[in-house]
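Read through the structure below, which is laid out as structure tokens, and then see the notes.
The values are calculated or read from the model by the stated rules, or taken from the named source; none is laboratory data. Please read these numbers as outputs of a predicted model, since none were measured by experiment. Cβ coordinates were reconstructed from backbone atoms using ideal geometry, including for glycine residues, and neighbour counts include every protein chain displayed. Quick note on the areas: whole protein, heavy atoms, side chains included, nothing else; ligands and nucleic acids left out. Shrake-Rupley method; radii C 1.70, N 1.55, O 1.52, S 1.80 Å.
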Amino acid sequence: MAIPAYQAKKPNVDASTRAIQAGLLGWLIPGAGHFFLGARGLAAVFCLAISLPFFVGAAIGGVKDSINPKTNGWLFCAEIFIGGYTTVGYLVSNRLPDIPPKQQSAYASYYPGADVAQIYLATAGLLNLLAILDAVARAAQHGVPTFRLTEAQPKTVAEDGVQPGATSLSEALK
Amino acid sequence: MASLLGSVCLALGDSLPLGTLFIHPIKLPHGARLWMLFPLVFCVAAVYRASRAQSPGEIVGPTLRTFVSILLGMFGIAIGLLIAHEIILRYF
């Protein structure tokens, strides 16, 4: 498997720096890490498949209760992996009036909607964790998905002169 | 600063029809809870397959297969739990 063009053009760029940049971008917006690495089609897939459940969950649950560490700390722990969306949701949630205990509110969601919202939001957050790790791994392994690295190495050596067993881009292109 | 940002986001959310969605939760239609499983499982399958692909063209077929596999697996778990539930009610 050949080195993707976006990686081969920049042999001097430190792979770990690119991995950190890709990870941070992916944390801010789903798919942005892959977009940064040049895998734009995959970035679109990640962005759609992660943003959709997040927005559906937020629409069903409402940001007041669903994106709020005071009302649901564990859910917030999962959501925080989509940093950009969760930050905006949390800021809006803080500006909404508090809901008095044992009272119905227009800002809160109740069973069964609240349950579905929680599942959607938590799943979206954890899926983005997977996307972040994938972006970091691709940045560190010259764009090859992690599980393909072992099988790709012999071909890569033959076609592109990449060193076998290389763990970073600079090492691979020596 | 955070408060100001929050106010800006809230004002935007209130002024845009789409933003109001997230402030005033929409009610889930009766009986829609089970159907909500399908889009979520599809998204899980798409992300999982995208993490193993080199280009988007590679993920369409495997995503559909993973989607069906997850649904069948969850259906099997549901049947197993239902049988266990019935056995417990009947014999214990």
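Does residue A:139 satisfy the criteria of being surrounded by 22 or more Cβ atoms within 10 Å (Cβ to Cβ), in contact (Cβ under 8 Å) with a residue 40 or more places away in the chain and within 12 Å of chain B (Cβ to nearest Cβ)? So residue A:139 fails the test. Taking the criterion of being within 7 Å of chain B (Cβ to nearest Cβ), among the aliphatic types (A, V, I, L, M) and in contact with a His (Cβ under 9 Å, 6 or more places away or on another chain), the only residue of the range A:119-136 that qualifies is A:131.
Considering the conditions (1) at pLDDT 95 or above; (2) open to solvent by 40 Å² or more (accessible area, probe 1.4 Å); (3) within 14 Å of chain A (Cβ to nearest Cβ), residue B:72 is excluded by exactly one of them, (3).
Among the residues of the range A:51-71, are any assigned to a helix (DSSP H, G or I), closer than 26 Å to residue B:54 by Cα, touching a Gly at 6+ places or on another chain (Cβ under 7 Å) and open to solvent by 50 Å² or more (accessible area, probe 1.4 Å)? Scanning the range A:51-71 turns up no residue that is assigned to a helix (DSSP H, G or I), closer than 26 Å to residue B:54 by Cα, touching a Gly at 6+ places or on another chain (Cβ under 7 Å) and open to solvent by 50 Å² or more (accessible area, probe 1.4 Å). When the residues of the range A:109-118 are filtered to those that are more than 7 Å from chain B (Cβ to nearest Cβ) and hydrophobic (A, V, I, L, M, F, W, C), the one that is most open to solvent (accessible area, probe 1.4 Å) is A:114.
When the range B:39-63 is filtered for residues that are touching a residue at least 24 places away in the same chain (Cβ under 8 Å) and more than 7 Å from every other protein chain (Cβ to nearest Cβ), the ones remaining, listed by number, are B:41, B:42, B:45. More than 10 Å from chain B (Cβ to nearest Cβ) and of a type outside the set (A, V, I, L, M, F, W, C): does that describe residue A:83? Answer is yes for this residue.
Scanning the range A:86-104 turns up one or more residues that are in contact with a Leu (Cβ under 9 Å, 6 or more places away or on another chain), assigned to a helix (DSSP H, G or I), among the charged types (D, E, K, R) and open to solvent by 30 Å² or more (accessible area, probe 1.4 Å). Any residue at all in the range B:20-31 that's modelled with pLDDT under 90, in contact with a Pro (Cβ under 6 Å, 6 or more places away or on another chain), open to solvent by 80 Å² or more (accessible area, probe 1.4 Å) and of a type in the set (Lys, Arg)? No, the range B:20-31 has no match at all.
So that you can scan it fast, the table gives a plain yes or no per residue for (1) more than 9 Å from every other protein chain (Cβ to nearest Cβ); (2) more than 27 Å from residue A:94 (Cα to Cα):
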| residue | (1), (2) |
| --- | --- |
| A:28 | yes, no |
| A:34 | no, yes |
| A:47 | yes, no |
| A:50 | no, no |
| A:53 | no, no |
| A:59 | no, no |
| A:62 | no, no |
| A:68 | yes, no |
| A:72 | yes, no |
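Could you say whether any residue in the range A:151-168 is modelled with pLDDT under 55, crowded, with 19+ Cβ neighbours inside 10 Å and part of a helix (DSSP H, G or I)? Yes. Kindly establish whether residue A:75 is among the aliphatic types (A, V, I, L, M) and modelled with pLDDT of 95 or more. Against the criterion (among the aliphatic types (A, V, I, L, M) and modelled with pLDDT of 95 or more), residue A:75 does not qualify.
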